[in-house]
Amino acid sequence: MPISAQIAPLLAAAVVFVAVLGIVLLVGSRGSGMEQRLAGAGSSDVGRPRATIAPPASESFRKQEKTGGRLARLAGRSAKEDVRESTRKMLEQANSTMSVNTFLLIRSVLMVGVGPFLAIMSLVAYGLKPIGIGAAAISLLAFPRLPGMMMKRKAKTRAKEIERSLPDALDLMVVCVEGGLSLDGAILQVATRTKGVVADEFRHLQRDMQTGMGRRDSFLALAARSPSDSLSIVCSTITQADKMGMSVATTLRALTETMRTRRRQEAEEKARKAPVKMMPFLIFFMIPALFVIILGPTVLQVMKMMK
């Protein structure tokens, strides 16, 4: 069987995959856009009473089941509650505007439609050879995990950015609090005078407090949607200090020292791992090249002498 005849089914499968994924993303984006417009219209009302506590998870799930297209709502209703809850948390940590129903729909399409289709096409193109079986296994196992892997990677990137810029934001909060501002004023200064992921999270925190949510509930919501352990520690410590009546300036200064210590320890840990990560490259690439450069002229001279 010629190679072009083997590649043709795979190309057709790739085209079908791109078309199906584009249709799903288009349907999901239309549903998400309608959801955002409705949320913006609701937030522009003046004088409407606001809830002081974040809505429970079941209420948020009921709201999400009403958004998106019919296929997205069907995928959301068919999933279990714990799956929807873990998906919602993952999307929040990745700061994604995609709704839970749209994400579940994309994963279902990849799991039920695209993955088996690509697996069948791989077996048809290559038969029961190792390459065909390997391509089929990758199609069935890897494709359904792609959306979750992308969201987790995005959340991990955001967590690294938060870890890197959090000590500087806490330093600014310490200066503001020791200068006479309240904790809310310090949060406002960080949100307006800095840029990055931490500034975005603090702006979200400020909006939550301005809409009527309590300070404790706002910090708990920030810790829940944050992918960074350091920011979760900061939120829980500030909440506990506010509850116990401790000094905010002292608490923030201690948190700043703790965060800088954690960042230094992480840098030291990465430095200790560097030699281990470099070892395969040294063994398989640099050392053979050095042997060729050092022993090459000697081998050539020996070969001339033997002739």
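The values are calculated or read from the model by the stated rules, or taken from the named source; none is laboratory data. Quick caveat, the model's predicted, so the values are computed rather than measured. Note that each Cβ is placed from the backbone with ideal geometry, even for glycine, and that neighbours are counted across all protein chains shown. Quick note on the areas: whole protein, heavy atoms, side chains included, nothing else; ligands and nucleic acids left out. Shrake-Rupley method; radii C 1.70, N 1.55, O 1.52, S 1.80 Å.
Residue ranking by accessible heavy-atom surface, 1.4 Å probe, largest first, among GLU257, GLU268 comes out as GLU257, GLU268. In order along the range 149-156, the Karplus-derived 3J(HN,Hα) couplings, from 6.51 cos²θ - 1.76 cosθ + 1.60 at θ = phi - 60°, round to 5, 5, 5, 5, 5, 5, 5, 5 Hz, and Gly and Pro are given as x. Computed from the Kirkwood radius of its Cα pairs, the Stokes-Einstein diffusion coefficient for the range 171-273 at 10 °C and 1.306 mPa s stands at 111 µm²/s. Phi angles of the range 85-93 translate, via the Karplus equation with coefficients 6.51, -1.76, 1.60 and θ = phi - 60°, into HN-Hα couplings of 5, 5, 5, 4, 5, 5, 5, 5, 5 Hz per residue; Gly and Pro are given as x. Sequence-ordered 3J(HN,Hα) estimates for the range 173-181 from the Karplus curve with 6.51, -1.76 and 1.60 and θ = phi - 60° stand at 5, 4, 5, 5, 5, 5, x, x, 7 Hz, glycine and proline given as x.
Each label was represented as a point 7 Å from its Cα along the Cα-to-Cβ direction; for ARG203 and GLU81 these points are 3.6 nm apart. Applying 0.36 nm per residue to the separation of ASP184 and LEU141 and subtracting their alpha-carbon distance, the gain on full extension is 10.7 nm.
Each Cα pair under 8 Å and six or more residues apart adds its sequence gap; the mean of these over the residue count of the range 156-223 is a relative contact order of 25 percent.
Ligands, DNA and RNA left out, the 1.4 Å accessible surface of the range 104-246 is 63% carbon and sulfur atoms. Based on the alpha-carbon gyration tensor of the range 97-170 and its eigenvalue square roots a ≥ b ≥ c, which shape applies: rounded if a/c is under 1.5, prolate if not and a/b is larger than b/c, or oblate? Oblate.
When a/c reaches 1.5 or more, the comparison of a/b and b/c decides; with that in mind, is the range 129-232 rounded, prolate or oblate per its Cα gyration tensor?
Since a/c reaches 1.5 and a/b is larger than b/c, the shape of the range 129-232 is classed as prolate.
From the square roots a ≥ b ≥ c of the eigenvalues of the alpha-carbon gyration tensor of the range 250-307, which class results: rounded (a/c under 1.5), prolate (a/b over b/c), or oblate? In terms of gyration-tensor shape, prolate.
Taking the average, over residues, of other Cβ atoms within 10 Å as the packing measure, peptides 103-109, 175-181 rank 103-109, 175-181 from highest down.
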